[in-house]
Amino acid sequence: MHDIRRVRRDAEELRLAIGRKGYEADTAAALELDTRWRALVTEGDRLKAELNRASMAIGAAKKAGRDAQEEIEAARRTRERIAEVDEEKRVIQQQLRELLLSWPAEPDPDVPEGLTEAENVIFRDSGDLPEFDFPLKDHLELAEALGILDMERGAKITGSAWPLYMGGGAALERALINFMLDLHTREHGYTELFPPFVVNEDSALGTGQLPKLAEDMYRIDREGFYLIPTSEVPVTNMHRGEVLSAKQLPLKYAAYSACFRREAGSYGAETRGLLRVHQFNKVELVQITEPNDSEAAQQEILQQALRVLDLLKLPYRVVELCAGELSFAAAKCFDIEVWAPGTGEWLEASSVSNFRDFQARRMNLRYRPEGGGKPAHPHTLNGSGLATSRLMVALLENYQTPEGRIRVPGVLQPYLGGMDQLREVRR
């Protein structure tokens, strides 16, 4: 959430910065509400002083044996007005809070200009794309032929775009998750977490999913809970409302979770198979750092996510998102895209985002700087390390053989009992 002091100080600069994302921030309305609130605070202070004087006058009158009815009536009217002022302040505070919560994080000044995917900038790539000397199949054709993915039965169980992995498909999914968790905890120094897949409204508000993205989330109506779209939500909210010490930072967490998203894309080829689904698995990397360390931390997370693809020997590229393509809460983001030769597309497998202090403010997360001083807001970051659905597409299509078999990458074979090819599921 934005600091009202920043709005007072730099209203036009903030409005223009948020406008780079394609949002309209009504800073004039925020300033008007703030002015009204501050006037009410001043009036409330005056009334409380007036009530204090009236109370003293009542006491003096009673002590002198005089009738204090006039002073008592004046005090009653003052108390009533104080209650009215307090209620007006509460309403205005709520209106201002809702307005500020509706504004996205402002993008970093060096984020590329633009509002669409066409303005994103290719940051780096892994080199030449692989060549094949046989006709390629896409992941769905390969997976269905082997019986390792059944979208039809998944639809029967739940609905369209809910995948059902079977046999080697389920085993490969599990292998990917365990491989990534082992890599990030053993080599990259992350603490492993296994968080709830359901969060309350305060958690979804803290990381910026609510209120703007409510339509993209699955809500459990009876409890008012939400299925998580990413484990970023429960993991970052672990420290909501806390004051950390500088010695604790950086905090580095790696968490596996299933992820649930209502919006699975438009109809057509781009939704085929695993390209866009309502449920997928992901290993998420989350860091909480001191402000001066967050840029380096973002590059660290990026390299750690790319390490997964290097070990799997999958072709990739890194794309820096333009301002209009950034998520609601992100100030800067790099997407990692993996090449799927059968589908003929670059597929997003990770977003590595720096949220600066945007999430920390929303969740009232602070830290106490070393050497003392007033608590400040740390920076929060996260990145997929990685999401398995798009990764599965790339694995199946890059590791296919002319016979329609799927070779298993060397780093995953220990997780599959030494299996070097996925076996066909008997049906």
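The values are calculated or read from the model by the stated rules, or taken from the named source; none is laboratory data. Computed from a prediction, not measured in an experiment: that's the story for all the values here. As a convention, Cβ positions derive from the backbone with ideal geometry for all residues, glycine included, and neighbour counts pool all protein chains shown.
So that you can scan it fast, the table gives a plain yes or no per residue for (1) modelled with pLDDT of 95 or more; (2) of a type in the set (A, V, I, L, M); (3) assigned to a strand (DSSP E or B):
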| site | (1), (2), (3) |
| --- | --- |
| E141 | yes, no, no |
| L176 | yes, yes, no |
| R186 | yes, no, no |
| P195 | yes, no, no |
| G208 | yes, no, no |
| R222 | no, no, no |
| T230 | yes, no, no |
| T236 | yes, no, no |
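Going by the structure shown, is N120 polar (S, T, N, Q) and under 28 Å from N354 (Cα atoms)?
So N120 passes the test.
Six or more apart or on different chains, Cβ atoms under 8 Å: show the pairs whose first residue is in region 46-65 and surrounded by 12 or more Cβ atoms within 10 Å (Cβ to Cβ) and whose second is β-branched (V, I, T) and at pLDDT 90 or above.
Every condition considered, the pairs that remain are L47/T78; L47/I82; L47/V85; K48/I82; E50/T78; L51/T78; L51/I82; A54/T78.
For residues that are out of contact with any Leu (no Cβ under 6 Å at 6 or more places or on another chain) and closer than 22 Å to Q303 by Cβ, tally how many sit in region 117-148.
Looking only at that region, the number is 9.
Against the condition part of a helix (DSSP H, G or I), assigned by TED's automatic domain parsing to the domain that holds V338 and on the phi < 0 side of the Ramachandran plot, how does A83 come out, does it pass?
no
Identify, by number, the condition in (1) modelled with pLDDT of 95 or more; (2) closer than 18 Å to L396 by Cβ; (3) surrounded by 22 or more Cβ atoms within 10 Å (Cβ to Cβ) that L309 doesn't meet.
(3)
Let's see how each residue does on (1) more than 14 Å from H379 (Cα to Cα); (2) of a type in the set (V, I, T):
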{"position": "D216", "(1), (2)": "yes, no"}
{"position": "I228", "(1), (2)": "yes, yes"}
{"position": "M238", "(1), (2)": "yes, no"}
{"position": "G241", "(1), (2)": "yes, no"}
{"position": "A246", "(1), (2)": "no, no"}
{"position": "L249", "(1), (2)": "no, no"}
{"position": "S257", "(1), (2)": "yes, no"}
{"position": "F260", "(1), (2)": "yes, no"}
{"position": "E263", "(1), (2)": "yes, no"}
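Name the residues in region 405-422 that are in a loop (DSSP other than H, G, I, E, B), in contact with a helix residue (DSSP H, G or I) (Cβ under 7 Å, 6 or more places away or on another chain) and surrounded by 15 or more Cβ atoms within 10 Å (Cβ to Cβ), would you?
Passing the criteria: V408, P409, M419, L422.
Please count how many residues of region 120-139 are over 13 Å from P341 (Cα atoms) and assigned to a loop (DSSP other than H, G, I, E, B).
Number of matching residues: 3.
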